[in-house]
Amino acid sequence: NIIKYKLYKHEGRIVMIYINRVLKILFVILILFINISMNTYRECENNIKIIAHRGASKLEPENTIPSFERAATLGAWGAECDIYVLKDGNIVIFHDQDIKRMTNGIGEIKNMTIIEVKALRIDNGNNIDKYKDLKIHTFDEYLSCCAKNNLAPVIEFKEVTIEKVKEIIDKIKEYNLEENAVIISTSYKWIKYIREY
């Protein structure tokens, strides 16, 4: 019995030494994993880009030059906008299909001309009382604002025909914004075409 007890005691020490070594190895692995994770987090954190949705739309009327300019002053990397092609081929910045929510008019924006759109007044949105005669902006006005304020254009295609895609990309290039431009679309066909072009 004494011999058995000593063997069990000896085996118990060996087991404890083994468990101790395994725990030390696991601890070192855990420390390495935490260190790698923190470095990865720091790298990701440095790559985070702030994009102002419809500009600084909580502070200014959405999808307007004041909203995009405010986004720039707040340090945004990019300003997201929505574009529609009008029936006369002009491209404007607007979110809704119908103009009723944001303007003093009614009707679908895609069925209007630039003259009709520019006759409208934006009468809704955050801090709208600061603006007496705010208009819907053209795509050129948006790109010019992005270039002037060092903002990446983040463009969501709404009602855009495939024929207009090339023109839109050419305009982005014209303003030297293609390196940072982001295009969003629910149409795979458009995205594929844009990538190829």
For the stretch 182-196, state whether one or more residues are part of a loop (DSSP other than H, G, I, E, B), buried (at least 16 other Cβ atoms within 10 Å of the Cβ) and in contact with a helix residue (DSSP H, G or I) (Cβ under 9 Å, 6 or more places away or on another chain). yes
Every residue in the stretch 126-169 that is in contact with an Asp or Glu (Cβ under 7 Å, 6 or more places away or on another chain) and over 14 Å from Arg54 (Cα atoms), please. Asn127, Asn149
Considering only residues of the stretch 99-120 that are aliphatic (A, V, I, L, M) and outside any loop (DSSP other than H, G, I, E, B), which is most open to solvent (accessible area, probe 1.4 Å)? Ile115
Can you find even one residue in the stretch 47-68 that is surrounded by fewer than 22 Cβ atoms within 10 Å (Cβ to Cβ), at pLDDT below 95 and not hydrophobic (A, V, I, L, M, F, W, C)? yes
When only residues in the stretch 69-83 that are more than 15 Å from Leu143 (Cβ to Cβ) and not charged (D, E, K, R) count, which is surrounded by the most Cβ atoms within 10 Å (Cβ to Cβ)? Ala76
Go through the residues of the stretch 149-162 one by one and say whether even a single one is surrounded by fewer than 16 Cβ atoms within 10 Å (Cβ to Cβ) and either at pLDDT 95 or above or touching a Pro at 6+ places or on another chain (Cβ under 9 Å) (or both). yes
So which of Glu167, Glu163, Glu179 is out of contact with any His (no Cβ under 9 Å at 6 or more places or on another chain), over 19 Å from His95 (Cα atoms), part of a loop (DSSP other than H, G, I, E, B) and of a type outside the set (Gly, Ala, Ser)? Glu179
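The values are calculated or read from the model by the stated rules, or taken from the named source; none is laboratory data. These numbers were taken from a predicted model, which means no experiment stands behind them. No Cβ is skipped: glycine too gets one built from the backbone with ideal geometry, and neighbour counts run over all protein chains shown. Ligands, DNA and RNA are stripped out before the accessible areas are found, and what is left, the full protein with its side chains, is counted by its heavy atoms. Shrake-Rupley method; radii C 1.70, N 1.55, O 1.52, S 1.80 Å.
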